[in-house]
1. Estimate the FRET efficiency between Val18 and Leu96 by the formula 1/(1 + (r/R0)^6), using the beta-carbon distance for r and 22 Å for R0, to the nearest 0.05.
2. Just tell me, in residue order, which DSSP H segments of the chain are both 24 angstrom or longer along the helix axis (alpha-carbon based) and at least 0.5 in mean Kyte-Doolittle hydropathy.
3. Can you give the alpha-carbon Rg of segment 10-109 over 2.2 N^0.38 Å, where N counts its residues?
4. Normalised by the number of residues in segment 10-109, what is the relative contact order in percent for Cα pairs under 8 Å and 6+ residues apart?
5. To the nearest 0.05, how large is the calculated FRET efficiency for Ile103 and Lys29 if R₀ is 25 Å and r is the Cβ-Cβ distance?
6. Rounded to the nearest 500 deg cm²/dmol, what is the calculated helix-only ellipticity per residue at 222 nm for the chain, with -39500 (n - 2.57) per DSSP H run of length n ≥ 4?
7. Between segment 1-31 and segment 49-110, what is the separation of their alpha carbon centroids in Å?
Amino acid sequence: MHIPDGFVNLPVAAVTGVVSAGALGYSLKKAGKELGEQSVPLLGVTAAFVFAAQMLNFPVAAGTSGHFLGALMACVLLGPWAGFLVITAVLILQALLMADGGITALGANV
């Protein structure tokens, strides 16, 4: 589900953005320690697959949509830290390029 802009109020968007930024920083630190250079292609391929698979949306509630659970697949394949990084990158690209989800709601989407 991607939450669009305006679906959550500004205080909620700010809190979820701060929490997500903290989780992103922690994931970068942990993934940097656990992953080697040989893992980079797998991260890229997983991100590309999740991006493509999540383009098939179906309506769930007013203004939101559901899709393939790419975050779950990424975390199972790559581990929680790398999976979080992959899904964050995918969500940023979807919000910026495809208008799928909102910029202000990015923290809540992550």
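Derivation of every value follows stated rules applied to the coordinates shown; laboratory data play no part. Values in this document were obtained by computation on a predicted structure and should not be read as measured data. Cβ placement follows ideal geometry from the backbone for every residue including glycine, while neighbour counts extend to all protein chains displayed.
1. Working: r = 20 Å, r/R0 = 0.92.
Result of the calculation: an efficiency of 0.60.
2. Details: long enough: 10-34 (35 Å, 0.61); 80-97 (25 Å, 2.08).
In the chain, the long hydrophobic H runs are 10-34, 80-97.
3. 1.09
4. Values: 100 pairs, mean separation 35.6, N = 100.
Worked out over segment 10-109, it gives 36 percent.
5. Values: r = 25 Å, r/R0 = 1.00.
FRET efficiency, Ile103 to Lys29: 0.50.
6. Values: 5 runs with 70 residues, N = 110.
Estimated from H runs of four or more residues: -20500 deg cm²/dmol.
7. 13 Å
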